[in-house]
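Quick note: the coordinates plus some simple rules give every number you see, no bench work behind them. This structure is a prediction, so every number in the text was calculated from the model and none was measured. Please note: Cβ atoms are built from the backbone with ideal geometry, for glycine as well, and neighbour counts cover all protein chains shown.
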Amino acid sequence: MQQTQWSPSPAGVAACGIVGTVMAIACVTVVTDPPGRILLGISAAGLILFASGTWRARPKLAITPDGLQVRGWWRTQLLQRPDVKIIRITEFRRIGRKMRLLEIDAVDGRLLIFSRWDLGTDPLDVLDALTAEGYTGT
């Protein structure tokens, strides 16, 4: 049975939320200088917002009977087979590591980019699953 939906790791998202909460508590109880309190508070709020938005957008990419379902923070998009122009992997080096991105280019000009964080696995595995389901593009 091939995997049909991909999302960020629950442990990673929970860790972001926990660290953000700890930072918020430290901001209120430990930090005494106003500029430090402001910076730490903004960082904590950003991390908590990121964790909650990422949790809400799970699964990020899913193969459904209707097509490819792509969830974001605010809305869910559905790409049917004719809507997919090309699916490809982009590789580049960054800080001594090879980074892979899954790119889905839609016919209407949308470009959807997914990283390893977004998918919770290697983008090559997702490309293999999409190809096996017939999403090769035109």
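Values computed for the structure shown
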{"item": "Within the chain: Cβ-based charge dipole about Cα centre, in debye rounded to nearest 20 (Lys, Arg +1; Asp, Glu -1)", "result": "280"}
{"item": "Trypsin sites (Lys or Arg not before Pro) restricted to the stretch 38-128 and DSSP loop, no more than 10 other C-beta within 10 Å", "result": "Arg75"}
{"item": "Neighbourhood charge, 13 Å Cβ-Cβ cut-off, centred on Gln5 and excluding it, Lys, Arg +1 and Asp, Glu -1", "result": "0"}
{"item": "Unit charges at the beta carbon, dipole of the chain: most positive-side option, Ser9, Thr54, Ala24", "result": "Ala24"}
{"item": "³J(HN,Hα), Karplus 6.51/-1.76/1.60, whole Hz, each residue of the stretch 55-67, x for Gly, Pro", "result": "5, 5, 8, 8, x, 5, 9, 9, 8, 10, x, 7, x"}
{"item": "Per-residue ³J(HN,Hα) for the stretch 3-18, Karplus 6.51 cos²θ - 1.76 cosθ + 1.60, θ = phi - 60°, Hz, x for Gly and Pro", "result": "5, 10, 8, 9, 7, x, 4, x, 5, x, 5, 5, 4, 4, x, 5"}
{"item": "Using alpha-carbon coordinates, inclination of helix 123-132 to the longest axis of the chain, degrees", "result": "30"}
{"item": "Net charge of neighbours whose Cβ lies under 9 Å from the Cβ of Arg88, counting Lys and Arg as +1 and Asp and Glu as -1", "result": "-2"}
{"item": "Estimated dipole of the stretch 82-138 in Debye, rounded to 20 [Cβ of Lys and Arg +1, of Asp and Glu -1, Cα centre]", "result": "440"}
